[in-house]
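These notes concern the structure reproduced below.
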Amino acid sequence: MAVSIALAGKPNSGKSTFFKAVTLSNVEIANYPFTTIDANHGVAYARAKCPCRELKLDCGNCREGVRFVPIEMIDVAGLVPDAHKGKGLGNEFLDNLRQAKAIIHVIDASGGTDIEGNPVPVGSHDPLGDISFLEHEITMWMAGILKRNWERLSRKVNAEGLKIEETIAAQLEGAGITEGHVKTVLSNMRLPRDKPQVWTEEQIVELSDQLRAQSKPMVLAANKIDLASQENIDHLVKAGAIPVSGATEVVLRLADKGGAIKYIPGDPDFVESPKLSDAQKEALMKIRVLMKKNGGTGIQKCINETVFKLLDLIVVYPVEDENRLTDKQGKMLPDAFLMKKGSTPKDLAFIVHTDIGKSFLYAVDARTKMRLGEKHELKNGDIVKIVSVK
């Protein structure tokens, strides 16, 4: 499970409720800042179309043709302004971000918490102001790491003839920055690579900001829409946010688990059990109105947007038997892997097992039975048999 997504934002924005909704983990949820101190780790799922229904089969690994592919979800401590200077739980927060490939920025759309996460009357805080501060804190965190050692690094690059890309990447390795990220950003900025000593403080901050955008792309989740005014929701949607109700998703998933309803995460509606009480029906009616208005709870949409659009991943299904679409034990379509768009069968072979990757010969497209070479570009939903040297 190589894909890790962080839930980030100010304290009390609903991150832990979002986390509980997608993982059904027992996490502490309360209406005060810093409920989450240590990062919570859990398994969430990207939603994809399972190929079994298209092939008139029933694989037993999906729900009515909907396949859920596991990813890691990290619920990190809340961030407050000047966290990069150590305020609040800033250092812990930023440390927990390093392994995340992307961030879902959870914003309190209701305006019921101030910029530091303290409860205030609903609607009294403008949530639009919460959008940019998270990006700023991560940028300044990275810039701080670079600026602390910049003079020494500059001398080292000049004296030892080191590559500036390699040097910067080594300094920011703990923030999840690679040499590839640095090369891309330096090409865009056109900074003199052989004279880092002349780079200004503003240029170092700009460099850090672009590295943040490259390495930690974000999706905005306008949470607590069940409490927010339509005006707040509209403003946040205009700013690119997805309307979300983590609390509603928790209720739906628990009700589905308990048999009160049938709900597939990401669906815009649910099916009620005929055995519900009048009180349960009334509560569910309110949820249905909210879902109809917003096309669902927005939780699964945030995850899918992050996985398939922001990270540009596809789902590929490796099998042992390309005719029956099974593994060695006879299980149909047992595995679903998330891979970067543009990946090849050989890349898939290495994900399945290093030894299979090293001994890769070719692959077979299970649908067409055509042989695929190691440089063939895989497509979303491909079912592939890997053939390797025995």
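Based on what the data block shows, is R155 outside any loop (DSSP other than H, G, I, E, B) and surrounded by fewer than 18 Cβ atoms within 10 Å (Cβ to Cβ)? Give the steps one after another, and end with the answer.
Details: outside any loop (DSSP other than H, G, I, E, B): yes; surrounded by fewer than 18 Cβ atoms within 10 Å (Cβ to Cβ): yes.
Against the criterion (outside any loop (DSSP other than H, G, I, E, B) and surrounded by fewer than 18 Cβ atoms within 10 Å (Cβ to Cβ)), R155 qualifies.
For region 198-208, check the following and say yes or no: at least one residue is surrounded by 21 or more Cβ atoms within 10 Å (Cβ to Cβ), part of a helix (DSSP H, G or I) and within 20 Å of the chain's Cα centre (by Cα). Step through it out loud before you land on a result.
Taking region 198-208 first, the residues surrounded by 21 or more Cβ atoms within 10 Å (Cβ to Cβ) are 207-208.
When the remaining residues are screened for being part of a helix (DSSP H, G or I), the result is 207-208.
Next, only the ones that are within 20 Å of the chain's Cα centre (by Cα) stay: none.
No, region 198-208 contains no residue that is surrounded by 21 or more Cβ atoms within 10 Å (Cβ to Cβ), part of a helix (DSSP H, G or I) and within 20 Å of the chain's Cα centre (by Cα).
Of everything in region 175-192, what is surrounded by fewer than 13 Cβ atoms within 10 Å (Cβ to Cβ) and of a type outside the set (S, T, Y)? Give them in sequence order. Explain how you work it out, then say what you get.
Kept after step one, since they are surrounded by fewer than 13 Cβ atoms within 10 Å (Cβ to Cβ), are these residues of region 175-192: 180, 187-190, 192.
Residues satisfying the conditions are G180, N188, M189, R190, P192.
Only residues that are more than 19 Å from the chain's Cα centre (by Cα), more than 13 Å from D108 (Cα to Cα) and not charged (D, E, K, R): list them for region 211-236, please.
Q230
Kindly check whether there is at least one residue in region 329-336 that is outside any loop (DSSP other than H, G, I, E, B) and at pLDDT 95 or above.
Quick first cut of region 329-336, residues outside any loop (DSSP other than H, G, I, E, B) only: 332.
With at pLDDT 95 or above added as a condition, the list becomes 332.
Yes, region 329-336 contains a residue that is outside any loop (DSSP other than H, G, I, E, B) and at pLDDT 95 or above.
Take region 312-328 and flag every residue that is part of a loop (DSSP other than H, G, I, E, B) and surrounded by fewer than 21 Cβ atoms within 10 Å (Cβ to Cβ). Working first, answer last.
Initially, region 312-328 is screened for residues part of a loop (DSSP other than H, G, I, E, B), giving 312, 320, 322-325, 327-328.
The answer is D312, E320, E322, N323, R324, D327, K328.
Any idea which residue in region 46-83 is surrounded by the fewest Cβ atoms within 10 Å (Cβ to Cβ), counting only those that are under 19 Å from K309 (Cβ atoms) and among the hydrophobic types (A, V, I, L, M, F, W, C)?
In this case the residue turns out to be V66.
What is the number of the single condition among (1) modelled with pLDDT of 95 or more; (2) assigned to a helix (DSSP H, G or I) that S187 does not meet?
Against the list (1) modelled with pLDDT of 95 or more; (2) assigned to a helix (DSSP H, G or I), S187 comes up short only on (1).
In the list S273, S343, which residue meets the criterion of being among the hydroxyl-bearing types (S, T, Y) and more than 24 Å from the chain's Cα centre (by Cα)? Give the steps one after another, and end with the answer.
On the way: S343 fails: more than 24 Å from the chain's Cα centre (by Cα).
Only one candidate passes the filter, namely S273.
So how many residues does region 362-386 have that are modelled with pLDDT of 95 or more and either part of a strand (DSSP E or B) or basic (K, R) (or both)?
Narrowing region 362-386 to residues modelled with pLDDT of 95 or more: 362-372, 376-386.
Still in the running and either part of a strand (DSSP E or B) or basic (K, R) (or both): 362-365, 367, 369, 371-372, 379, 383-386.
Result for region 362-386: 13.
What do you reckon, is V106 in the same structural domain as R47 (by TED's automatic domain parsing), under 27 Å from P265 (Cβ atoms) and modelled with pLDDT of 95 or more? Before the answer, list the steps.
On the way: in the same structural domain as R47 (by TED's automatic domain parsing): yes; under 27 Å from P265 (Cβ atoms): yes; modelled with pLDDT of 95 or more: yes.
When the stated conditions are applied, V106 passes them.
Could you check region 247-259 and list, in sequence order, the residues that are in contact (Cβ under 8 Å) with a residue 24 or more places away in the chain and within 27 Å of A228 (Cα to Cα)? Reasoning before the result, please.
Restricting attention to region 247-259, the residues satisfying the condition of being in contact (Cβ under 8 Å) with a residue 24 or more places away in the chain are 247-255, 257.
Of everything in region 247-259, those that are in contact (Cβ under 8 Å) with a residue 24 or more places away in the chain and within 27 Å of A228 (Cα to Cα) turn out to be A247, T248, E249, V250, V251, L252, R253, L254, A255.
The values are calculated or read from the model by the stated rules, or taken from the named source; none is laboratory data. The shown structure was predicted, so the numbers you read here are calculated from the model rather than taken from an experiment. Counting neighbours? That spans all protein chains shown, and the Cβs are built from the backbone with ideal geometry, glycine included.
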